[in-house]
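The structure under discussion appears below in the form of structure tokens.
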Amino acid sequence: MLAIIGGTGLSEIPGLEILRRHGCETPLGSASAPVLQGRLQDREMLFLARHGQPRRLPPHRINYRANLWALRQAGASRVVGINAVGGIDPTLRTGALVVPDQLIDYTHGREATYFDGRFKPLAHIDFTHPYDAALRQALLAAGARAGESPVAGGVYACTQGPRLETAAEIARLARDGATLVGMTGMPEAALARELALPYASLALVVNSAAGIGEGEIAMADVEAALEAAIVRARGVIEALLLA
Ligand code: HPA
């Protein structure tokens, strides 16, 4: 069953007929919200609001381990994370939809593994290609069917937040090879891999990263861009569900 982790701006899916609400509790603590099992376009899917419903959790306080665990417990067989991002590559302007193929993790202090020697014995996953290739291709094809042209590939830098970056930090991320920046892509992607759940991200560019565009980043502009992008992201998800 396809599971969607909705990011900022996507805390519910309009039109989703709720069949079941799974509990939040997991052996790793509480997920951000109940996992909703529902029907959309005659297909069953799962949905989880990453920041809680209503939205309350900043990126560094999200229990990513509980979230992925709860999705798997509810029957997820593949997971798409929706992530609002800033564009570092100047060609990735506000409004671009991107299916990244790589990431760099700059976060700290997050519970980032199940294999910590307490919950599960120590183990090392391969993470050469952090996103599932087949699910990425399915997302790109769904995007095309939805009348979008998502950008195939990008390097997602995950910062700690909740503040936005300095211009110098973004310049460093650009030198590192990052093309997008967000706060919630990790450890989500790695935890999905640890659970052997195919995972991909649909990144919505809602602003130019600090120092890339002109002037400072105005939250009112970000919110307007997010509202517009979410409608299009929902179209891509529906197309993916119907595939
Ligand atoms: N930086 C980090 N996270 C973000 C941004 C950004 O510019 N825009 C949306 N999420």
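Quick check on region 213-230: of everything there that is more than 9 Å from the ligand (Cβ to nearest atom) and not in a helix (DSSP H, G or I), which residue is nearest to residue 10 (Cα to Cα)?
My answer is 218.
In region 95-112, which residues are open to solvent by 10 Å² or more (accessible area, probe 1.4 Å) and of a type in the set (A, V, I, L, M)?
Taking region 95-112 as the starting set, the residues that turn out to be open to solvent by 10 Å² or more (accessible area, probe 1.4 Å) are 95-96, 101-112.
Correct list: 96, 103, 104, 112.
Condition check ((1) open to solvent by less than 50 Å² (accessible area, probe 1.4 Å); (2) over 16 Å from the mean Cα position of the chain (by Cα); (3) among the charged types (D, E, K, R); (4) within 16 Å of the ligand (Cβ to nearest atom)) across all residues:
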| position | (1), (2), (3), (4) |
| --- | --- |
| 71 | yes, no, no, no |
| 78 | no, no, yes, no |
| 83 | yes, no, no, yes |
| 88 | yes, yes, no, yes |
| 114 | yes, yes, no, no |
| 117 | no, yes, no, no |
| 122 | no, yes, no, no |
| 127 | no, yes, no, no |
| 131 | yes, no, no, no |
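Pick from region 151-160 the residues that are touching a helix residue (DSSP H, G or I) at 6+ places or on another chain (Cβ under 7 Å) and open to solvent by 20 Å² or more (accessible area, probe 1.4 Å): which of them is nearest to the ligand (Cβ to nearest atom)? Steps first, answer last, please.
Going through region 151-160, the residues touching a helix residue (DSSP H, G or I) at 6+ places or on another chain (Cβ under 7 Å) turn out to be 152, 157, 160.
In the following step, the residues that additionally are open to solvent by 20 Å² or more (accessible area, probe 1.4 Å) were identified as 152, 160.
Values: 152: 20, 160: 10 Å.
Among those residues, the one meeting the criterion is 160.
So the check is Cβ under 9 Å with 6+ separation or different chains; which pairs have a first residue in region 161-182 that's farther than 19 Å from residue 218 by Cβ and open to solvent by less than 10 Å² (accessible area, probe 1.4 Å) and a second one that's charged (D, E, K, R) and within 9 Å of the ligand (Cβ to nearest atom)?
So the pair list comes out as 173/165.
Give the residue, chosen from 44, 17, that is at pLDDT below 95 and of a type in the set (Asp, Glu). Before the answer, list the steps.
Numbers: 44 fails: at pLDDT below 95.
Matching residue, one of 44, 17: 17.
Quick test for you: out of 92, 28, pick the one residue that is at pLDDT 95 or above and crowded, with 22+ Cβ neighbours inside 10 Å.
Details: 28 fails: crowded, with 22+ Cβ neighbours inside 10 Å.
Just a single option satisfies the conditions, and that option is 92.
How many residues are more than 14 Å from the ligand (Cβ to nearest atom) and not in a helix (DSSP H, G or I) when one looks only at region 161-205?
Qualifying residue count for the region: 8.
The values are calculated or read from the model by the stated rules, or taken from the named source; none is laboratory data. Keep in mind it's a predicted model, so treat the numbers as computed, not measured. Counting neighbours? That spans all protein chains shown, and the Cβs are built from the backbone with ideal geometry, glycine included. Note: areas computed on protein heavy atoms with side chains; ligands, DNA, RNA excluded. Shrake-Rupley method; radii C 1.70, N 1.55, O 1.52, S 1.80 Å.
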